[in-house]
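Worksheet: the structure to be examined is printed underneath.
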Amino acid sequence: MTQQKTLTREEPKPIKMTTKLDVLKIALFKAQTPAQLKALIVYYTHQEILQAYDRLPLEQQIKVQKIWQGELELGIDSTLRTGFEIR
């Protein structure tokens, strides 16, 4: 008597696709300085930044707000040092 092998097909594991928005969310999450936020603003659209910001946990949203607010209160504009101009 021969044994019959039962072939089982494993379900493929879902592939985790990292979207541009996911990458931006991580970058916002990791931002520590106004310069880092400005770099993101240059690369991403306003809409993309708002979408990623909305996906952050509340405490991270507050952190981003504090970084940006500190920049505005100090009046520091790193674009002056880079030669770029805001119009």
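The values are calculated or read from the model by the stated rules, or taken from the named source; none is laboratory data. What you see is a predicted model; the values in this text were computed from it and never measured. Because the Cβ atoms are built from the backbone with ideal geometry, glycine has one as well, and the counts that use them run over all protein chains shown. We work out accessible area using only protein heavy atoms, side chains counted, and drop any ligands, DNA or RNA first. Shrake-Rupley method; radii C 1.70, N 1.55, O 1.52, S 1.80 Å.
So which residues in the stretch 1-41 are of a type in the set (S, T, N, Q) and modelled with pLDDT of 85 or more, if there are any at all?
Across the stretch 1-41, the qualifying residues are THR19, GLN32, THR33, GLN36.
Limited to the stretch 34-62, what total is found for residues that are open to solvent by less than 100 Å² (accessible area, probe 1.4 Å) and under 22 Å from LYS20 (Cβ atoms)?
19
Output the qualifying pairs, or none if there are none: Cβ atoms under 8 angstrom, residues six or more apart or on different chains, first residue in the stretch 46-57 and under 14 Å from LYS30 (Cα atoms) and outside any loop (DSSP other than H, G, I, E, B), second residue aromatic (Phe, Trp, Tyr) and open to solvent by less than 40 Å² (accessible area, probe 1.4 Å).
ALA52/TYR44
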